[in-house]
1. Would you confirm, using the coordinates I've provided, whether R159 is surrounded by fewer than 16 Cβ atoms within 10 Å (Cβ to Cβ) and more than 28 Å from P51 (Cα to Cα)?
2. Can you find even one residue in the range 27-37 that is open to solvent by 60 Å² or more (accessible area, probe 1.4 Å), at pLDDT 50 or above and either part of a loop (DSSP other than H, G, I, E, B) or within 28 Å of P366 (Cβ to Cβ) (or both)?
3. If L426 passes every condition in (1) modelled with pLDDT of 95 or more; (2) touching a helix residue (DSSP H, G or I) at 6+ places or on another chain (Cβ under 6 Å); (3) buried (at least 20 other Cβ atoms within 10 Å of the Cβ) but one, which one does it miss?
4. Does S417 qualify as being at negative phi, open to solvent by less than 10 Å² (accessible area, probe 1.4 Å) and in contact with a His (Cβ under 9 Å, 6 or more places away or on another chain)?
5. Got a number for residues in the range 337-380 being of a type in the set (V, I, T), more than 26 Å from A255 (Cα to Cα) and either out of contact with any strand residue (DSSP E or B) (no Cβ under 9 Å at 6 or more places or on another chain) or not in a strand (DSSP E or B) (or both)?
6. So D87 fits all but one of (1) modelled with pLDDT under 95; (2) open to solvent by 30 Å² or more (accessible area, probe 1.4 Å); (3) within 14 Å of Y382 (Cα to Cα); what number is the exception?
7. For L184, which of the numbered conditions (1) closer than 30 Å to D242 by Cβ; (2) over 22 Å from the mean Cα position of the chain (by Cα); (3) open to solvent by 10 Å² or more (accessible area, probe 1.4 Å) fails to hold?
8. Test R282 against the criterion of being outside any loop (DSSP other than H, G, I, E, B), open to solvent by 70 Å² or more (accessible area, probe 1.4 Å) and of a type in the set (K, R), and give yes or no.
Amino acid sequence: MKKTLAWLGKFNKIIAISLPVFLSILLVRMQSLTHRELISPECQVKKWDIPVSLTAENQDAFLQKQKSPLIQRLPITCCQDDASCFDEVIYGKIPDKKALISAIARSLQYLETANAVAAYQNYPVAGITRDRVLKSLQRFRELLLTTNSATELHQAIEREFVLYQSVGKDNKGSVLFTAYYEPLYAASRFPTTEYRYPVYRLPPDFNSWPKPHPTREELEGLDGLQSAKGKLRGLELFWFRDRLEPYLAQIEGSARLQLPDGTQTTIGYAGNTAYSYKSIGRELVNDGKLPLEGITLPIILDYFQKHPQELNIYIPRDRSFVFFQENHGEPAQGSINVPLTAERSIATDKSLMPPGALALIRASIPFVNPTGKMEERIISRYVLDQDTGGAIKGAGRVDYFLGTGKIAGDRAGLTVSNGQLFYLLLKSKN
């Protein structure tokens, strides 16, 4: 995971993973799966919204606060028997604690860098500093290692932490969640009759390119095969079988590649031209080729499988273009230059949200159930804010990283829901 109707999710998504992924999918998503209901409306909605008291007690003060993307509040006291309140998988039969601890370590690594020092020097929310974020992560890691249940962890958080809640897209805390992933494609280091469609390195003189930059069509032609005639000549990095695959890699900002010799490698985001992403899913809807209601990534892929010639019509409409670097099998990286962790990394607008910080998200996310079917569950998850996106703008957007491969892609393609975003900071000693 953007730039269109909020409930359309990835309709206009481009993930900036650095991976940014860019840059969060080319599709429109609709919530079509069954939600698991919570035990009461209070647990389901009101308890997680920005408290009414913050808006009612002093309207003038509240309006002043709205200049901030985050509002401080106490942790949520969980409703009895509301399993969605807790991050239970940390203590489940297949523990997820190791992955979360690994993600924390990566954020701590980032917070010790000069880039982190610079990022927090002018951070717009009073009270959130690099040092406080770092100490909060260190303490949370200690609690992870010493607690034995999600309830025990939550109680410790209530004692020691405060929450900074995103004001969301409506100043009431409502945040649109989408998801992204790292695709796996067959590719070749050399062009052949089978592998014809390339992705490209960042041009060495890219910083001197005049603006406006060349469009996608000017760089690679309507058919995606004309790059040798222009600025991209000699910059081919890998070749793909299908024209849609390198384009999808540009949308996701990274990919894992299966090479003909059986080995694998990875590519990640290296740069992009100065154009806003245009969703080809939206273009199909605008042209009456697909109905708006119920459109998903599989539906879009099926359309182009039946009408491959139309790729040369719709892909060039997206003037934006993404360049790659080979990462030699390294995991997908976020915009703070640390590897992303499946289910534990998010992308947000880094002009507003604290990079590397510990967050709690609460949203409806699709999962594969034991029968192999998708079902949505309202979940709470502790995550690290490690990425950003060219279309992840404002306090009301989060893109959730779901990992690598087909299942992650299937889940990402169905993820669109309104939820809440909180950052966890140790209580101030003052």
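The values are calculated or read from the model by the stated rules, or taken from the named source; none is laboratory data. Worth saying up front: this structure is predicted, and the values here are computed from it rather than measured. In this analysis, Cβ positions are derived from the backbone assuming ideal geometry, glycine residues included, and neighbour counts consider all displayed protein chains. Side chains are part of the model used for accessible areas, which takes the heavy atoms of the whole protein and leaves out ligands, DNA and RNA. Shrake-Rupley method; radii C 1.70, N 1.55, O 1.52, S 1.80 Å.
1. no
2. no
3. All conditions pass for L426, except number (3).
4. Yes: the conditions hold for S417.
5. The number of residues fulfilling the criteria is 1.
6. For D87, the failing item is (2).
7. Checking L184 against (1) closer than 30 Å to D242 by Cβ; (2) over 22 Å from the mean Cα position of the chain (by Cα); (3) open to solvent by 10 Å² or more (accessible area, probe 1.4 Å), the one that fails is (2).
8. yes
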